[in-house]
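Here's the structure we're looking at; comments come further down.
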Amino acid sequence: MSFKDLLKRILPPPVHAFNREVARILDAVDQSRRETDALRELIAAQGNSLDQLRRQLDAERARRLQWESQARDEWRAQQQAALDKALEGQAKTLAALSQSLEQSAAGLQKQTDALAEAFAAGREQMATRQQADALNKRAEILADTAEKARRQAADSARHASEAVWAQIFNNTISESLWLKDKTFSPGRWAVGYPYLYVMYRVLNETRPKRILELGLGQSTRMIAQYAAAFQDVEHIVVEHDPEWVEFFCNDFPLPKNTKVVMLEREMVPYKDAESVRVFKGFKETFQGQQFDFISVDAPFGGDMKQYSRIDVLNLIPDGLREKFVIMVDDCNRIGEINTVQEIERFLAQSQIKYQMGRYSGDKISVLFCPERMDFLCSM
């Protein structure tokens, strides 16, 4: 190492070299400050862009909500117009049937009156017992004919009402977003069109979250599709026949949030009835649970003479949510009629203010709901 290099290491650097290093550092600081300011301006610009985008999204959301509200109102207005038109047609049909029945009854009454006059006049002129027997037999035939005519007129009125409800139901579900499979087979042991129509309106407009269905069948085809469309829904079906469950599910697979609970049936006494068919262990199975919507179409009650399908009474009041709906099918039979009276008694004893609606076709369905949901009773 030379003496000159040694001096460079020992002695401090020249002043001008030091100044150049200081200037370089200051330039770097200024550059960093400019970059920081530019970054700050960029962040502010992006913030303004985000605020503008947020305002646009809020405006679009408001427009969409307004559009959905208008569309919903228009749909309800269309459905109400269709319902009014259908009910007007039903009223005309029933009026025609009533007029026909009155005419038939008037004709039969005239025949009966004529027979009575002939009988009264002929009592004094009859010479033999055979003439009196003939008149009595004719009177019995006329009375039987009048009763048959009355029953036929009542059956015709029920069938006409069921046909009108079928038209109303099909019109109502035609544009449904969640009811994809619209094939149903109502009637006989299954629920009818009035029940399906009211149940669709309940599901579509009250949006229940916990649903209990007693009896697997046509109502399940609707409720299961509702559950499949809304994953926060829990749908429980109570059934006793595993073969029927297997047959049904092969034709109509159930979604994950529909659960079938298998319960055997048994006969138990209730009040003055010695034997009422119920689901065994029903009360214990559902103790502590609450439901928004309960559909009652099981167990079989056609042979019950006093009470039928009384399992639902175990859910009143603790098994009902604040906005509850209970629907009971086959309320034209004495067993269900008496059970409906028991439901009314249980609700009243629980100080629950409720409304009850009746929907009639080939069969009669009854609906219970809180007073503030009374629109469900007049759909």
- What distance in nm separates the simple spin-label points at Lys271 and Ile25, each placed 7 Å from Cα in the Cβ direction? 10.0
- Give the ranking of Cys249, Cys369 by solvent-accessible surface, highest area first, calculated with a 1.4 Å probe. Cys249, Cys369
- Query: Leaving out ligands, DNA and RNA but keeping every protein chain, what accessible area does Tyr307 have, in Å² rounded to the nearest 10, with a 1.4 Å probe?
  - Reply: 30
- For segment 247-342, what is the charge dipole size about the Cα centre, in debye to the nearest 20, if Lys and Arg each add +1 at the Cβ and Asp and Glu each add -1 at the Cβ? 200
- Efficiency by 1/(1 + (r/R0)^6): what FRET value for Arg40 and Asp181, r their Cβ-Cβ distance, R0 = 35 Å, to the nearest 0.05? 0.05
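Heavy atoms only, 1.4 Å probe, whole protein assembly: order Ile326, Ile334, Ile352 by accessible area, highest first. List each step's numbers first, then the result.
Values: Ile326 0, Ile334 85, Ile352 40 Å².
Descending accessible area places them as Ile334, Ile352, Ile326.
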- Message: On a straight-distance basis, which aspartates and glutamates could pair with Lys209 in a cross-link, Cα separation under 15 angstrom, same-chain partners fewer than 8 positions away excluded?
- Response: Asp232, Glu234, Asp292, Glu322
- Item | At R0 = 30 Å, FRET efficiency that the Cβ-Cβ distance of His159 and Gln111 yields, to 0.05 | 0.65
- Query: Expressed in nm to one decimal, what extension gain is obtained for the pair Ala139 and Asp73 from 0.36 nm per residue of sequence separation less their Cα-Cα distance?
  - Reply: 17.8 nm
- Task: Report the extension gain between Arg358 and Asp318 in nm, rounded to one decimal, defined as 0.36 nm multiplied by the number of residues separating them, less their alpha carbon distance.
- Result: 12.0 nm
- Tally of Lys pairs whose C-alpha atoms are under 28 Å apart, taken over segment 216-320, 8 or more apart or cross-chain: 9
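Let me check something: with ligands and nucleic acids excluded, how do Thr145, Thr339 order by accessible area (1.4 Å probe), largest to smallest?
From most accessible down to least: Thr145, Thr339.
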- Message: How would segment 232-324 be classified by its alpha-carbon gyration tensor: rounded, prolate or oblate, with rounded meaning a/c under 1.5 and the a/b versus b/c comparison settling the rest?
- Response: oblate
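The values are calculated or read from the model by the stated rules, or taken from the named source; none is laboratory data. Bear in mind the structure is a predicted one, so any value in this text is a computation, not a measurement. Note that we place each Cβ from the backbone using ideal geometry, even for glycine, and neighbour counts take in every protein chain shown. When the accessible area is computed, the model is the full protein with side chains, heavy atoms only, and any ligands, DNA or RNA have been set aside. Shrake-Rupley method; radii C 1.70, N 1.55, O 1.52, S 1.80 Å.
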